[in-house]
Each structure stands twice: as structure tokens, then as C-alpha cells.
Amino acid sequence: MQLLWVGSHGGMEKALVERAGIPFEGVSTGQLRVANPLKLARNLGRMAAGVRQSLAIVDRFRPDVCFVTGGYVCGPVVVACWRRKTPVLIYLPDMSPGYAIRMLSKLATRVAVSFPEVARWFGGEAPAGKAVVTGYPVRRELVEAAQDRSSAQRRLAASLHTSFDEADGAHLPLLLVWGGSSGARVINRATWGALPELLQRAQVVHVVGTRDWPLYEAWAVEHPLPAQIRHRYHPLAYLHEEMPLALAAADLSVARAGASTLGEFPVARLPSILAPLHSVNQMDNAQALAGRGGAVIIEDDDLAEQLAPTVAQLLGEPERLRSMEAALAQMAQPDAAARIAEEIVKLAKSHDD
């Protein structure tokens, strides 16, 4: 099987894709829902150029199927494949589609979704509509690591060259704080403000993000932690291969509500405190987890004040955490990647026929 990843020129995904050994080609693209007329005109020009570039790529690579995961970045490629009659499978990880997905779904053959209630956006489930319910795909490493939280904690500690055990052998709960690939400043600042209280109750692995790492370094100089709890704080700029271990190891997480939380937190059975980012439709994702009993939602404006007491309350109620884990386990779909792969193969075979 031949794979080719097409993304935007200068996109952050290029390094990740090439790191995985997959060929990458960039095309021009631009967001169309902008208020500035000049920016809109420029982006329309970039989109048109991107369609021409994508048509050239499709004619050269001759794909049997096109798989896209959403956003305006995918627009030129979907248009090119539609014009060349190449089947398109869109995967929508979120609970509700953005503008780009709603538009591109009109050109798609199928739209894979994580949960049945999302199918209504695409006329219902196939064959009456375009939607197929697959679940959210997660890495095999997470599925394997999630089988044993204690083992995941030991392996994570070893990979970080630290220990989560106290000098007397006592073991505190592990709190994982993170805000996505670039971090989340609101979460970072709330965490730093609450650290003296958090570290009384938990070991804290804090993925600060590369963007805010200089802020952490400045904060650490100005706010040294007491010696008796300093060893419980484990700040990191970023996690690559260790992230599945961190998700499987944690007893509780503080995070945004990006689409990955819908798949990874249920598989890891990881209760969470979610601070959804409203500008990218994360509230629907947060409510999907909270409504099933697997998460607690705190708005950004309340996070600094409520983070420490909420963590204390949850960690102080082990039975509630176990109930949250059980609710998440009911949502888990560890075979989602295989289901999506099956749909890709079906569409590819229909193209060959």
C-alpha cells in the first residue's frame, strides 16, 4: 500500500508526518470564514492555487481513496479528488462539525463519526445517509498501556527519569495537566497558581507546551516551591512517545476538550477536569464526557479559583473516581482505527470496480 499525506505549506503536521516515515506534500490553503475582505480575497486565491496543486498531486499519485480529518486545510484536496471521481472519506472526531466539514461533506462519499448522535449532521447513518459510526481511533500504545495503570505509572516514571513514590514508600495519585500540542496558557497559569495545594495531594505531571515553556522557566525562578513538595512536580515542554503512557498512568487529568479526549480518555478510563475552548467547538466534546459522568467542566474564567478545590474534591472521593472510570469504559471503542480502515478499504475497492 502506498501512502501520501497532503497538508498545508508550513503546517505543523509536516514534522510529525515525516517523523512517522510517511511522504508529505504541501499545498496552499486558507480559511474562508474571515471578516476582513482583503484577507478573504487572499485566502480565496490560496484555495484556488491549492486546488490546482492538489489536482496535479492526484493526477500523479492516482489514489484509490482519499481520507481526510477535517478543516479548511483539507478543502483543496477534497475538491480535487471529487473532480477526479476519487472516493472521499471524511473523519469527524468532534461531536459537531465546523463550517469546513459541513461544506466538504457534500463532496464526500462517506463521513465517519465517533458517536451515533453525530450522524444526524450528515443525513443519518448509511445507506440512508452518509455517516458511518466508527468511534475515535487511538494509538495501539495507549490501548496496551491502559490495561494496567500501575505498570504505566512505573514505566512513565522510568522514561522521565524520576519516581512517583515518596521517600517512605507512600504513593500519591497522579494528576496529568496538559493543554494540547502547543499548551494552554489559561490552564498553565491556573496550575502554577494552585501548585502548592495540588502538590499536597498528588504528583503532578504538567505538559506545559513549547510555547509557554519560557513562561514556566521565568515563573520557576520567581516562585520556588517548598523543598518538601518540590519533587512531586514534573514539568515538561512536550511529550511524544510517552504521551500514551501518561494518559494510561494518570488518575485524573486537567485538559482542554479537543477531539482526542473523546477517544483517548474513555480508552484510558481517565477522569478529567475539562476547560473547553469555545472558539473551536470544544464545549460539545466536554459535555459528551461530562454528560455521561466521566468529566467535570470548569470554564476558563473560573479555572484559577476552582481548580485546586475541584481536584481536592475528586481525589478525596475514590468511589466517585471509580464511578467516572466505569462511565468512561462504557464509551471506549478501542477498535475504532480498524473500523475506519475497513471503510477506507471498502471505498478503495468500489473505486477499483
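The values are calculated or read from the model by the stated rules, or taken from the named source; none is laboratory data. If you're wondering where the values come from, they're calculated on a predicted model, not measured in any experiment. Ideal geometry is used to build each Cβ from the backbone, glycine not excepted, and the neighbour counts take in all protein chains shown. Surface accessibility is based on the protein's heavy atoms, side chains included, excluding ligands, DNA and RNA. Shrake-Rupley method; radii C 1.70, N 1.55, O 1.52, S 1.80 Å.
Give ALA250, ALA218 a once-over and let me know the one that is out of contact with any helix residue (DSSP H, G or I) (no Cβ under 6 Å at 6 or more places or on another chain) and open to solvent by 20 Å² or more (accessible area, probe 1.4 Å). When all the criteria are applied, what remains is ALA218. In region 129-141 there is no residue that is surrounded by 15 or more Cβ atoms within 10 Å (Cβ to Cβ), touching a Lys or Arg at 6+ places or on another chain (Cβ under 8 Å) and closer than 24 Å to VAL311 by Cβ. Candidates in region 192-215 are the residues that are assigned to a loop (DSSP other than H, G, I, E, B) and not basic (Lys, Arg); of these, the one that is surrounded by the fewest Cβ atoms within 10 Å (Cβ to Cβ) is THR210. Among the residues here, ASP148 qualifies as under 19 Å from ALA250 (Cβ atoms) and either of a type outside the set (A, V, I, L, M) or surrounded by fewer than 16 Cβ atoms within 10 Å (Cβ to Cβ) (or both).
Yes/no matrix, rows are residues, columns are (1) under 23 Å from the mean Cα position of the chain (by Cα); (2) buried (at least 16 other Cβ atoms within 10 Å of the Cβ); (3) closer than 30 Å to HIS231 by Cβ:
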{"residue": "GLY75", "(1), (2), (3)": "yes, yes, no"}
{"residue": "ALA80", "(1), (2), (3)": "no, yes, no"}
{"residue": "TYR99", "(1), (2), (3)": "yes, no, no"}
{"residue": "ARG102", "(1), (2), (3)": "yes, no, no"}
{"residue": "PHE122", "(1), (2), (3)": "yes, yes, no"}
{"residue": "VAL143", "(1), (2), (3)": "yes, yes, no"}
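Looking only at residues in region 235-247 that are within 23 Å of THR310 (Cβ to Cβ) and open to solvent by less than 20 Å² (accessible area, probe 1.4 Å), which one is nearest to the chain's Cα centre (by Cα)? If we take residues in region 235-247 being within 23 Å of THR310 (Cβ to Cβ) and open to solvent by less than 20 Å² (accessible area, probe 1.4 Å), then LEU247 is nearest to the chain's Cα centre (by Cα). The condition (being under 22 Å from ARG211 (Cα atoms) and among the aliphatic types (A, V, I, L, M)) is satisfied by just one residue among VAL296, VAL280, VAL267: VAL280.
Inside region 4-60, residues that are surrounded by 14 or more Cβ atoms within 10 Å (Cβ to Cβ), of a type in the set (Gly, Ala, Ser), under 28 Å from the mean Cα position of the chain (by Cα) and not in a strand (DSSP E or B) make up a count of 5. Total residues in region 272-325 satisfying the condition of being open to solvent by 30 Å² or more (accessible area, probe 1.4 Å), touching a Gly at 6+ places or on another chain (Cβ under 8 Å) and modelled with pLDDT of 95 or more: the figure is 2. Counting only residues that are under 20 Å from HIS351 (Cβ atoms) and aliphatic (A, V, I, L, M), region 69-122 holds 12 of them.
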